[in-house]
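Novice: Pasting in a structure now, in structure tokens, and then I'll have a few things to ask.
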Amino acid sequence: MTDLTGTWHLHRWHSLKNGVPDGYPMGEDAMGQLLYGQDGEMSAFLMRADFAVSRNGPTTDSFLSYAGSWTVVDDEITHLVRFASAAHWIGRPLVRRMRMEGDALALSTAPETSRSGSVYVHELLWRRHPPI
């Protein structure tokens, strides 16, 4: 695996429902930044592209941020969340499957099953900034 330390910018965030593309949680033009420090600390911020022009002010579905520490084992990265805009994430490990796609880093959530039995996965594709 390549060295992940540094700054990554969101290229694409899409969701899959039962293995089939199911849209973009924050729009096709969502924006984000992911930082991995050499000291094992990380932070992530994701937002809708229209976040700044929202007439009703920001809502929990218009941005997401969290920070904590990170570790890598094999093809999984774990973000141990200490601070988050989603309070139920605080203190939880967020485990992501990772793979390199050329110069991009793909992170996928673990499959989650809804009450209706549908299986959802989110995949985020990040590009290093500045590109190396």
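Novice: Kindly list the number of the only condition in (1) surrounded by 13 or more Cβ atoms within 10 Å (Cβ to Cβ); (2) in contact with a strand residue (DSSP E or B) (Cβ under 7 Å, 6 or more places away or on another chain) that fails for Gly27.
Specialist: (2)
Novice: Which condition number does Ser114 fail, the rest of (1) at pLDDT 95 or above; (2) more than 21 Å from Met31 (Cα to Cα) being met?
Specialist: Exception for Ser114: condition (1).
Novice: Right, here's the next one. Here's a check for you: in the range 49-85, which residue that is surrounded by 15 or more Cβ atoms within 10 Å (Cβ to Cβ) and not in a strand (DSSP E or B) is modelled with the lowest pLDDT?
Specialist: Phe51
Novice: To continue, here is another question. Starting from the range 5-23, keep only residues that are in contact (Cβ under 8 Å) with a residue 60 or more places away in the chain and over 16 Å from Leu107 (Cα atoms), then list their pairs with residues that are open to solvent by 60 Å² or more (accessible area, probe 1.4 Å) and part of a strand (DSSP E or B) whose Cβ atoms are within a distance under 6 Å, requiring at least 6 positions of separation or different chains.
Specialist: Lys17/Tyr120
Novice: Could you count how many residues in the range 100-127 are open to solvent by less than 90 Å² (accessible area, probe 1.4 Å), touching a residue at least 24 places away in the same chain (Cβ under 8 Å) and part of a loop (DSSP other than H, G, I, E, B)?
Specialist: Going residue by residue through the range 100-127, those that are open to solvent by less than 90 Å² (accessible area, probe 1.4 Å) are 100-102, 104-110, 114, 117-127.
Next, only the ones that are touching a residue at least 24 places away in the same chain (Cβ under 8 Å) stay: 100-101, 104-105, 107, 118-127.
Still in the list and also part of a loop (DSSP other than H, G, I, E, B): 118.
The total comes to 1.
Novice: Let me ask you something else. Tell me which residues, restricted to the range 30-48, are touching a helix residue (DSSP H, G or I) at 6+ places or on another chain (Cβ under 9 Å) and either exposed (fewer than 15 other Cβ atoms within 10 Å of the Cβ) or in contact (Cβ under 8 Å) with a residue 24 or more places away in the chain (or both).
Specialist: We begin by selecting, within the range 30-48, every residue touching a helix residue (DSSP H, G or I) at 6+ places or on another chain (Cβ under 9 Å); these are 31.
The answer is none; no residue qualifies.
Novice: Report the residue count in the range 86-99 for those that are more than 18 Å from Gly37 (Cβ to Cβ), assigned to a strand (DSSP E or B) and open to solvent by 70 Å² or more (accessible area, probe 1.4 Å).
Specialist: From the range 86-99, those more than 18 Å from Gly37 (Cβ to Cβ) are 86-92, 95, 97, 99; that's our starting set.
When the remaining residues are screened for being assigned to a strand (DSSP E or B), the result is 95, 97, 99.
When the remaining residues are screened for being open to solvent by 70 Å² or more (accessible area, probe 1.4 Å), the result is 97, 99.
Number satisfying all stated conditions: 2.
Novice: Let me ask something additional. Any residue at all in the range 13-22 that's modelled with pLDDT under 95, part of a loop (DSSP other than H, G, I, E, B) and open to solvent by less than 40 Å² (accessible area, probe 1.4 Å)?
Specialist: Within the range 13-22, not a single residue is modelled with pLDDT under 95, part of a loop (DSSP other than H, G, I, E, B) and open to solvent by less than 40 Å² (accessible area, probe 1.4 Å).
The values are calculated or read from the model by the stated rules, or taken from the named source; none is laboratory data. These numbers come from a predicted model, not from an experiment. So basically every Cβ, Gly included, is an ideal-geometry build from the backbone, and we count neighbours across all protein chains shown. Keep in mind that these areas ignore ligands, DNA and RNA; they rest on the heavy atoms of the full protein, side chains included. Shrake-Rupley method; radii C 1.70, N 1.55, O 1.52, S 1.80 Å.
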